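A quick write-up on the structure given underneath.
The values are calculated or read from the model by the stated rules, or taken from the named source; none is laboratory data. Since the structure is predicted, the reported quantities are computational estimates derived from the model, not experimental observations. All Cβ positions, glycine included, derive from the backbone under ideal geometry; neighbour counts span all protein chains shown.
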């Protein structure tokens with residue numbers, strides 16, 4: 001009988017351990033439910049005061065950092081003075097979704113417009129831009145058919161970054177979507193509605 005009781009003794013501990021293992025799954029499910037619209041505020045957040053960069057270190061510069069600006073051995077003076085080629089801009093493509101053909105970036109991230117913005121001047125900053133990051137570019141944005149390249153453009157943000165526009169609308173991603181996911185079309189947040197964008201520049205149907 002002692003042997004039988006000792007075999008049954010650990011079972012409550014095993015059940016408790018299984019309960020603890022199920023707890024993270026519940027937490028993950030709760031996080032998945034907290035998607036679009038959970039950051040809603042009274043309206044677009046205006047430009048924020050830039051944060052001053054940290055003061056440069058006055059300590060000794062590491063050897064690797066000192067040598068990083070030195071010319072590469074064997075490089076000719078002509079190649080060292082040659083101007084750099086312009087950086088390619090952000091690629092914008094068209095692909096299918098549950099709302100029809102819409103815009104994505106070259107990596108497959110869905111793109112949105114914010115209907116509270118009545119022109120090409122961005123109004124989404126601060127908490128808004130953390131939830132809906134702007135589509136930025138370092139060169140001229142580009143794309144092929146059926147994209148209408150004449151509708152592609154850029155606008156300058158308050159921090160000096162260049163944001164891609166389409167048909168005059170500044171473009172945005174949603175921060176918590178995966179590739180080829182379109183979870184946040186026709187969502188009201190930060191004082192306006194976020195809408196996926198069709199190749200003709202109009203919002204996707206909803």
Note on region 103-119: residues more than 21 Å from residue 188 (Cβ to Cβ) and outside any loop (DSSP other than H, G, I, E, B) are 104, 105
Conditions (1) crowded, with 17+ Cβ neighbours inside 10 Å; (2) at negative phi; number of the one not met by residue 167
(2)
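Which of the residues spanning region 170-180 are touching a residue at least 24 places away in the same chain (Cβ under 8 Å) and more than 15 Å from residue 137 (Cα to Cα)? Walk me through it before giving the result.
In the first step, residues of region 170-180 are kept if they are touching a residue at least 24 places away in the same chain (Cβ under 8 Å); the result is 170-177, 179-180.
Selection gives 174, 175, 176, 177, 179, 180.
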Kindly indicate whether residue 183 is under 14 Å from residue 104 (Cβ atoms) and touching a residue at least 12 places away in the same chain (Cβ under 8 Å).
yes
Enumerate the pairs (first residue in region 121-137 and under 11 Å from residue 157 (Cα atoms); second residue anywhere and assigned to a helix (DSSP H, G or I) and modelled with pLDDT of 95 or more) with beta-carbon separation below 6 Å, excluding pairs fewer than 6 apart on the same chain, so at least 6 apart or on different chains.
none
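Results for (1) out of contact with any helix residue (DSSP H, G or I) (no Cβ under 7 Å at 6 or more places or on another chain); (2) closer than 15 Å to residue 114 by Cβ; (3) modelled with pLDDT of 95 or more, shown as yes or no for each residue.
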site	(1), (2), (3)
149	yes, no, no
157	yes, yes, yes
175	no, yes, yes
184	yes, yes, yes
188	yes, yes, yes
195	yes, yes, yes
200	yes, no, yes
Here is a list: 83, 141, 88, 133. Which entry is surrounded by 12 or more Cβ atoms within 10 Å (Cβ to Cβ) and at pLDDT below 95?
88
